[in-house]
1. Suppose we filter LEU119, LEU83 for residues that are farther than 20 Å from ASN139 by Cα, hydrophobic (A, V, I, L, M, F, W, C) and surrounded by 15 or more Cβ atoms within 10 Å (Cβ to Cβ); which single one remains?
2. I need the helices (runs of 4 or more DSSP H) fully contained in segment 179-266, keeping only those with at least 1 residues that are touching an Asp or Glu at 6+ places or on another chain (Cβ under 6 Å) and in contact (Cβ under 8 Å) with a residue 40 or more places away in the chain.
3. Would a scan of segment 76-88 turn up a residue that is closer than 30 Å to GLN169 by Cβ, at pLDDT 95 or above and of a type outside the set (Phe, Trp, Tyr)?
4. So is LEU66 part of a loop (DSSP other than H, G, I, E, B) and closer than 23 Å to VAL229 by Cβ or not?
5. Which residue is surrounded by the fewest Cβ atoms within 10 Å (Cβ to Cβ), if the candidates are limited to segment 67-80 and must be in contact with a helix residue (DSSP H, G or I) (Cβ under 6 Å, 6 or more places away or on another chain) and more than 19 Å from GLU102 (Cβ to Cβ)?
6. If I go through segment 158-178 residue by residue, how many of them are touching a Ser or Thr at 6+ places or on another chain (Cβ under 7 Å) and either over 14 Å from VAL213 (Cα atoms) or of a type in the set (Ser, Thr, Tyr) (or both)?
7. Please work out if GLY124 is farther than 15 Å from MET199 by Cβ and out of contact with any strand residue (DSSP E or B) (no Cβ under 7 Å at 6 or more places or on another chain).
Amino acid sequence: MIRSTSRLKWLAAATSTTSKYHHPFFDNCFSDNSFTTMVLTVHHLGHSQSDRVVFLCEELGIEYQLKKYDRSPVLSPPEFKALHPIGAAPVIEDDGGVKMAETAACFEYIINIHGKGNLLVKPGDKTYPEFLYWYHFTNGTLQPSFGRTMAMTMAGIPNDNATMARYNQRNQTVLKLVDDRLGEVPFLAGEEFTAADAMIIFSLTTMREFCPVDLSAYKNILSYIQKIVTRPAYQRYLQKGDPDIDIQQFTKGPPPPVFAAFKQHK
């Protein structure tokens, strides 16, 4: 016991930079940078929902490698499709052997493995139920609603078609829910920016290049978009991921111009 205690005292002295017994060997062994951090790679398809993964990484302030791919001309190019069997954005990987698709899965992996759990709300917090709902709302309700409209548009179905009219009405119902929420609180989960906000912004901005939704009637949503896209992290995403996007076109009510290749593809 005495010998063990002595060894512990020696180790403490050797690793202390202020001790006369300090040994430089331990500088690398116990420094904050002594362990190799897994390198995160984000595969980003331009003008796609992987923009929210780049935005998330910027909000978290983590190190990552960005690999950008251009559409070919509307869908993913062959080299992007080869990344994952699903063939769609986003895709992330790290040198821990992980390769993953699905935005929500990518979000949670990045936050928990690389981001120290930041931007998630923990169970027990009073805002946890709201956070959980709105975090899943985008991919569970909003994106499917817009996606149906986009598919009908691609098929050349006119707006006066009965099915298209129902889909458009559904979009209005969903957007009113978001607008009402943002009339109560500055961010979806409450007073603080969370992963739920990083998740939804694509649907309210870039997605409208493919699904021309008019937001003129939703003043709270428009104010919210302006607030999010002017965040420094979002500006960094734009510069790195989609520098050709004129983000101000998404802060106005009328739908932005249709993505050029998508318009020709219809």
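The values are calculated or read from the model by the stated rules, or taken from the named source; none is laboratory data. Computed from a predicted model, the values in this text were never measured in an experiment. Virtual Cβ from ideal backbone geometry, glycine too; neighbours counted across all protein chains shown.
1. Sole residue among the options that is farther than 20 Å from ASN139 by Cα, hydrophobic (A, V, I, L, M, F, W, C) and surrounded by 15 or more Cβ atoms within 10 Å (Cβ to Cβ): LEU83.
2. 195-204, 219-229, 232-241
3. Taking every residue of segment 76-88 in turn, none turns out to be closer than 30 Å to GLN169 by Cβ, at pLDDT 95 or above and of a type outside the set (Phe, Trp, Tyr).
4. No.
5. PRO73
6. The qualifying residues number 1.
7. When the stated conditions are applied, GLY124 passes them.
Residue by residue, here is whether (1) at positive phi; (2) at pLDDT 95 or above; (3) surrounded by fewer than 19 Cβ atoms within 10 Å (Cβ to Cβ); (4) of a type outside the set (Phe, Trp, Tyr) holds:
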position: ALA105; (1), (2), (3), (4): no, yes, yes, yes
position: TYR109; (1), (2), (3), (4): no, yes, yes, no
position: GLU130; (1), (2), (3), (4): no, yes, no, yes
position: ASN139; (1), (2), (3), (4): no, yes, yes, yes
position: THR153; (1), (2), (3), (4): no, no, no, yes
